[in-house]
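Report on one structure; see the data block that follows.
The values are calculated or read from the model by the stated rules, or taken from the named source; none is laboratory data. The shown structure was predicted, so the numbers you read here are calculated from the model rather than taken from an experiment. Glycine also receives a Cβ, built like all others from the backbone with ideal geometry; neighbour counts cover every protein chain displayed. Just so you know, the surface numbers come from the protein's heavy atoms only, side chains and all, with ligands and any DNA or RNA stripped out. Shrake-Rupley method; radii C 1.70, N 1.55, O 1.52, S 1.80 Å.
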Amino acid sequence: MGTTNPTGWWMYHGDPQHSGVVSGSSITSKNVGTLKVLHDLHLGGPVLSVPAVTGGYVYVGLANNRSSPGANGGLLCKINLETGQTEATFQWNINPDERDSHGFTGMGCTPAVIDGKVIFSAFNGVIYCLDEKTLTLLWATNLRYPDPAHNQWVDNFSNGTPNTALAEGWSSPLVANGKVYVGFGEGENPTLFGWVYCLDENTGNVVWLYCTVPVTTGVPNPPNLIPPAAAFPAGSPPDV
């Protein structure tokens with residue numbers, strides 16, 4: 001059975017409101033000095049992501065996974081808090097040309113662990129949904145390149161300019177009421193569009209999207225507008 005009503009730090013900042021408020025902890029200012037290391041784990045690559053901690057497990061990913069060919073890929077680990085043992089992993093390998101502009105190939109977000117699923121965005125432009133128990137893949141939607149099977153018609157490849165920055169996923173997904181909400185793009189590259197996506201939690205299909213870069217200066221975009229430079233095929237469709 002999965003975690004339908006999760007407890008602990010099951011998504012970024014602990015809850016859908018991103019409050020960052022910790023409840024139920026026995027750690028106080030008086031006993032914090034007694035904390036000690038229980039496990040010292042070497043996962044095989046750098047950790048940029050903030051772990052999710054729920055149901056007695058830690059879910060954490062690597063920015064670069066050294067067990068991938070040429071370290072071009074990522075690894076998500078499910079670690080038993082009590083034993084320190086990694087009980088399941090999910091590895092994805094990528095072409096080195098698909099890495100982000102910093103050279104990262106894995107992930108850097110907090111996964112959302114809810115409804116028997118683990119959902120996270122990755123530096124290769126894909127958002128993944130895994131089975132919470134086994135970390136086997138349930139669905140994956142590409143938010144960098146068109147993915148028509150998931151109603152994803154955006155081609156967010158540096159405004160259509162090749163050999164420049166690639167859109168990537170840094171944002172930690174928010175999951176609520178059967179929907180996945182996630183930001184996508186890379187704000188430090190002015191040639192890329194920024195997006196907010198709403199996906200169906202069970203299928204990964206795009207429900208709606210919002211482009212955060214105004215097509216007309218000073219005028220907010222309407223929902224589901226895809227600028228012609230980012231539409232697939234070029235110039236169409238005008239919306240999803």
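Structure above, values below:
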| item | result |
| --- | --- |
| Check: segment 85-160 dipole with +1 on Lys, Arg Cβ and -1 on Asp, Glu Cβ, in debye | 40 |
| Positive dipole terminus of the chain, leading residue within V196, H102, H42 (C-beta point charges) | H42 |
| Cα-centre dipole for the chain with unit charges at Cβ (Lys and Arg positive, Asp and Glu negative), debye to 20 | 460 |
| Average projected area [Cα convex hull, segment 78-181], square nanometres | 7.6 |
| Where the chain is the region considered: accessible area per residue in Å², 1.4 Å probe | 48 |
| Amide H partners (placed H, <5 Å) of V126, local residues excluded | L143, G169 |
| Qualifying GluC sites (Glu not before Pro) for segment 57-165 [loop in DSSP, other Cβ within 10 Å: at most 13] | E82 |
| For D15, residues with placed amide H under 5 Å, excluding near neighbours | G20 |
| Mean separation of Cα contacts under 8 Å, 6 or more apart, over the residue count of the chain: relative contact order % | 13 |
| Reach of K179 by Cα under 29 Å, taken over lysines that are not fewer than 8 positions away in the same chain | K78, K117, K133 |
| Candidates G108, G24, G73, ranked by Gaussian network fluctuation over the chain, Cα under 10 Å, top entry | G24 |
| Dipole of the chain, positive direction: furthest Cα of S26, Q85, G73, with charges on the beta-carbon | S26 |
| Percent accessible area from carbon and sulfur atoms, the chain, protein chains only, probe 1.4 Å | 56 |
